[in-house]
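Undergrad: I am attaching a structure below and will ask some questions about it afterwards.
What follows is calculated from the coordinates using simple rules that are stated; it is not laboratory data. None of the values given here were measured: they were computed from a predicted structure. Positions of Cβ are backbone-derived with ideal geometry, glycine not excepted, and every protein chain shown enters the neighbour counts.
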Amino acid sequence: MNSSWRKQYLEDPPGPMAKAYSKLFYDETLKDYLIHFAAALDDNAMILDFDCSGCSFWKYLRECGIKVIGISGNKCKSIKLSDRGIKVLHMPFNEISFIGIFGGFLLLYVPNYLPPDTNLEILHKAHLALRIGGKGLIALEIEDSHSASTAALKELSKKYPVLEGERIINEKYRFIPTLNSVKNLIRLSEFHLMKYSVKAGKAFFLVRK
């Protein structure tokens with residue numbers, strides 16, 4: 001699936017603090033889900049944050065007694081916090097090999113910048129990394145049936161073999177799936193969907209191993 005055109009647009013995907021989607025972190029629904037996520041974790045839990053995507057909330061998580069391991073494939077653009085309970089590891093997602101040591105994970109808006117097979121691989125890595133009963137919080141933009149994105153997909157497919165949800169927006173790769181596509185990714189990665197909400201073209205999922 002990773003054909004040459006995808007690689008071209010994925011050479012330098014934006015980090016978690018990029019202007020492209022930093023504004024999305026101020027959504028009240030996401031804050032509500034994060035509070036729910038933190039409350040569902042065991043005391044002194046340690047979580048895995050893919051691409052340091054939840055770094056805007058690390059201070060809050062530490063106040064809740066949660067330890068954070070951020071995984072960043074690129075130079076992490078996160079605000080550095082002098083806290084022994086926070087550590088950033090620089091490694092590609094495909095090199096993650098934790099097994100059964102984390103109480104939870106965060107994957108916030110990162111899926112919109114990666115192709116579906118990479119998203120599925122990340123979810124599989126998260127499933128392996130979590131203890132039984134571990135929780136995950138996933139947030140991403142989804143297909144808005146009232147937008148012109150369907151037309152954009154048809155235009156893109158004239159030039160390239162594409163999968164549902166793949167877009168080129170402002171010369172950058174984007175993956176904007178349907179709600180059912182996200183549910184399918186969650187099911188294929190063997191997580192149980194506990195709760196989800198859709199608001200203004202964004203979807204929020206709380207999952208459990």
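Undergrad: Of the peptides 49-56, 27-34, how do they stack up when ordered by the mean number of other Cβ atoms within 10 Å, highest first?
TA: Those peptides, ordered most packed to least, come out 49-56, 27-34.
Undergrad: How far apart, in nanometres, would the label points at Val198 and Trp5 be if each is projected 7 angstrom from Cα along the Cα-to-Cβ direction?
TA: Once both label points are built, they end up 2.7 nm from each other.
Undergrad: Something else: Say the cut-off is 32 Å between C-alpha atoms; which of Lys125/Lys158; Lys158/Lys209; Lys7/Lys59; Lys7/Lys183; Lys59/Lys202 go over it?
TA: Checking Cα-Cα distances, Lys125/Lys158; Lys158/Lys209; Lys7/Lys59 exceed 32 Å.
Undergrad: Can you tell me the FRET efficiency between Asp117 and Arg62 if r is taken as the Cβ-Cβ distance and R0 is 41 Å, rounded to the nearest 0.05?
TA: 0.75
Undergrad: Quick check: net charge around Tyr160, other residues with Cβ under 9 Å of its Cβ, Lys/Arg +1 and Asp/Glu -1?
TA: Around Tyr160, the charge tally is +2.
Undergrad: Could you compute the FRET efficiency for Ser97 and Arg208, with r as their C-beta to C-beta distance and R0 at 22 Å, rounded to 0.05?
TA: That gives a FRET efficiency of 0.50.
Undergrad: Same structure again: Cα gyration tensor of region 82-209, axes a ≥ b ≥ c as square roots of the eigenvalues: rounded (a/c below 1.5), prolate (a/b > b/c) or oblate?
TA: In terms of gyration-tensor shape, prolate.
Undergrad: Kindly rank 117-124, 95-102, 66-73 from highest to lowest mean number of other beta carbons found within 10 Å of each residue.
TA: Per-residue mean Cβ counts within 10 Å order the peptides as 66-73, 117-124, 95-102.
Undergrad: Would you mind computing, in nm to one decimal, how far apart the modelled labels at His90 and Asn184 are, each placed 7 Å from Cα along Cα→Cβ?
TA: Spacing of the two 7 Å Cα→Cβ label points: 3.8 nm.
Undergrad: At a Förster radius of 30 Å, what calculated FRET efficiency corresponds to the Cβ-Cβ distance of Asp32 and Asp144, to the nearest 0.05?
TA: 0.90
Undergrad: Then there is this: Label-point separation (nm) for Leu163 and Ile132, each offset 7 Å from Cα along Cα-to-Cβ?
TA: Roughly 3.1 nm, to one decimal.
Undergrad: Give me the net charge for the shell around His36: Cβ to Cβ below 11 angstrom, other residues only, Lys and Arg +1, Asp and Glu -1.
TA: +2
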